[in-house]
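Worksheet: one structure, shown below.
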Amino acid sequence: MNKYIELKNVNKVYKMGQIDIKAIDNISFSIGKGEFVIVVGPSGAGKSTVLNILGGMDYLSSGEIIVEGNVISQYSSKKLTQYRRLDIGFVFQFYNLIPNLTAKENVELALQICKNPLDVDEVLDKVGLRDRKNNFPAGLSGGEQQRVAIARALAKNPKLLLCDEPTGALDYETGKSILKLLYDTCKRMGMTVVVITHNLAITPMADKIIKIKNGSVDDILINSNPTPIEEIEW
Ligand SMILES: Nc1ncnc2c1ncn2[C@@H]1O[C@H](COP(=O)(O)OP(=O)(O)OP(=O)(O)O)[C@@H](O)[C@H]1O
């Protein structure tokens, strides 16, 4: 696979008064365009920090991050804001929907700050919400709310979809259906997708598995024959 994204010797130190917390310790890996990647590791391993830095939500302390030939680790805060707005779609564990806006309006709101959005109705259809788009979040199940959040991220037409524990608040079957949606989106749209999880069991569904431990890369596995999530049980 090509090196669409490259992290080179990335370090992140948080300063808490006199104490330095090394959240990321010399991490290097690459991600190919259109790859479905799972970043896995125990609590506190540094997974969210990696994702936040990759998504332009935080600065690294040293090292380099290159996305599509651009050294984003050297971006000014203005350029980083543009990168975050235009190139990155985020999906979090909690859906962060605005309660007094319908599913469709939640997606439309996010599109007001981006340049080449996709058609909102088409994206809502694709994530399986054709008949639910005029519902308010309170009238949607957890899985449906996460579908809205995914539609909101996808409608931006981002280059990279970053998902931090996207099934963390969902039951087993609903979680599986969301993982299937993310995988199918990756393969159908050619979207590069990175999913963070602490659930080792789902890693066989990924093209690449990056294991993080104590802020460092413990292992990187390339999987040429991913297992469909429907066939994985845990
Ligand atoms: N803003 C911050 N200020 C200080 N320390 C932080 C900050 N964010 C993260 N850390 C610390 O950095 C380390 C890595 O945290 P991170 O959230 O990236 O881990 P994680 O693998 O995502 O964990 P979890 O699965 O529990 O979310 C932890 O020790 C955490 O306490």
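The values are calculated or read from the model by the stated rules, or taken from the named source; none is laboratory data. Please read these numbers as outputs of a predicted model, since none were measured by experiment. Glycine also receives a Cβ, built like all others from the backbone with ideal geometry; neighbour counts cover every protein chain displayed. Please note that ligands, DNA and RNA were not included when accessible areas were found on the heavy atoms of the full protein model with its side chains. Shrake-Rupley method; radii C 1.70, N 1.55, O 1.52, S 1.80 Å.
Note on segment 24-41: residues that are of a type in the set (Asp, Glu) and within 13 Å of the ligand (Cβ to nearest atom) total 1. Name the single residue that is farthest from ASP207 (Cα to Cα) among those in segment 1-36 being open to solvent by less than 70 Å² (accessible area, probe 1.4 Å) and of a type in the set (S, T, N, Q). Among residues in segment 1-36 that are open to solvent by less than 70 Å² (accessible area, probe 1.4 Å) and of a type in the set (S, T, N, Q), the one farthest from ASP207 (Cα to Cα) is ASN11. Scanning segment 42-86 for residues that are away from the ligand (no atom under 16 Å from the Cβ), within 18 Å of the chain's Cα centre (by Cα) and part of a strand (DSSP E or B) gives ILE66, VAL67.
Restricted to segment 54-69, and to residues there that are free of Cβ contacts under 8 Å to residues at least 60 places away in the same chain and either of a type in the set (Asp, Glu) or in contact with a helix residue (DSSP H, G or I) (Cβ under 8 Å, 6 or more places away or on another chain) (or both), the residue that is surrounded by the fewest Cβ atoms within 10 Å (Cβ to Cβ) is TYR59. Listed conditions (1) under 18 Å from the mean Cα position of the chain (by Cα); (2) within 18 Å of ILE88 (Cβ to Cβ); (3) not basic (Lys, Arg) are all met by LEU118, apart from (1).
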